[in-house]
1. Can you list the residues of the stretch 166-195 with backbone N under 12 Å from a point 7 Å past the Cα of residue 116, pointing along Cα to Cβ?
2. Which value in Å is the Kirkwood Rh of the chain over different Cα pairs?
3. Run the simple label-point estimate for residue 307 and residue 76 please: 7 Å along Cα→C-beta, distance reported in nm.
4. Between residue 45 and residue 204, 0.36 nm times their residue separation minus their Cα-Cα distance comes to what?
5. Calculate the spin-label point distance for residue 255 paired with residue 99, positioning each point 7 Å from the Cα along the beta-carbon direction, and give it in nanometres.
6. Using only Cα atoms, locate the centre of the stretch 161-218 and the centre of the stretch 85-122, then give the distance between them in Å, rounded to an integer.
7. Percent of alpha carbon pairs in the stretch 125-214 separated by more than 19 Å?
8. How much length would be gained if the chain were fully extended between residue 197 and residue 169, taking 0.36 nm per residue of separation minus their Cα-Cα distance, in nm to one decimal?
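The values are calculated or read from the model by the stated rules, or taken from the named source; none is laboratory data. What you are looking at is a predicted structure, and each value in this text was computed from that prediction instead of being measured. No Cβ is skipped: glycine too gets one built from the backbone with ideal geometry, and neighbour counts run over all protein chains shown. Please note that ligands, DNA and RNA were not included when accessible areas were found on the heavy atoms of the full protein model with its side chains. Shrake-Rupley method; radii C 1.70, N 1.55, O 1.52, S 1.80 Å.
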Amino acid sequence: MKQKWLVMLMVSAVLLAMTACSGGGSAAPDAGSGGGNQASGNGQEKVLIGVSLQNTGDVFDRILYEGMMEYGEEHKDEVELQILNAQGDVNVQLTNVDQLINSKVKAIVLWPRDVDALTPAVEAANAAGIPVVCVNTRTNGGEYIYVGSDDYQAGIIQGEWLAENLPENAKFCYLMGPIGHSGQIGRKKGLNEVLAEKRPDVEMLAEQTAEWDRAKAMNITDDWLKSFPEVSAIVSQNDNMALGAIEAVRTADKLDSIIVVGTDATEEACNSIKAGDLSMSVFQNARNQGYCSADVALGLAKGTYQDGDMDIPFEAVDAGNVDEYLKQYAAAG
């Protein structure tokens, strides 16, 4: 009964967050950026919102992007999104933000590649009087509204699950995102704190960044499996890397003895949980983050948004409740 109540509570939280500012539909991740302000169908000038994406190469990246495009399509009579993609390059992203400032956008949605390196971009927008929304990832300075999830809590949730499910004296290897990314920092901090408190018997054998990349994670995991035959689990900061790790574990014929866990609970990851390969993930609503960040940016540009940061909670997903999340993906088309 307790497990059933928890599942119902988590699903209700997802639906509540999505009804706050989410839509349906999708768009291709390589869509181009917009041009200057244009007149809407009712003759009023559209509000030009600049968007600086760190990348659209990962599954999670594309879903977040699609959420922004959904918002732009649903509000096409009042908003125009000028979207620039840094392709994972910090220097390109800094240049992109400068370009958006020079385009005199009314607000900027920034998905920072690095918490320190992109702080000057936020400060430059502040100096220009342009409100900033940081989506998914924070910076260490500048004034902005944050729309996203608390990465520290993702690490906590992952750590809690591992504390309950890892065997005694378990040994694991840890796949991380880009060093310096707020997701890499926060998720590691939360995980380490929980395991240190609840499972001091658990040992981390190795940690390495695979930069959210599946192929890199597969190669790294393959090396770990050869170097550490005693490994009990591969813990990943996102699902893309976790799925790469699963391929290496499957090739080594060790899926029955090694636990693999991820973060994001993408549709592919949920199907992997359903199949019994991935053991758990931590749901992060990428689509709603993208959609809501555009909504907040428009509100800031119009002077109608008066609230603070918008938190979109993480949720644990495993075999016990994965069907509820797969239903959501099916309903979204």
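1. So the set is 179-181.
2. With all distinct Cα pairs of the chain included, I get 20.4 Å.
3. Spacing of the two 7 Å Cα→Cβ label points: 2.7 nm.
4. 51.6 nm
5. Using points 7 Å along Cα→Cβ, the separation is 4.3 nm.
6. With the stretch 161-218 and the stretch 85-122 each reduced to a Cα centre, they are spaced 29 Å.
7. When all Cα pairs of the stretch 125-214 are counted, 49 percent exceed 19 Å.
8. Length gained, residue 197 through residue 169: 8.6 nm.
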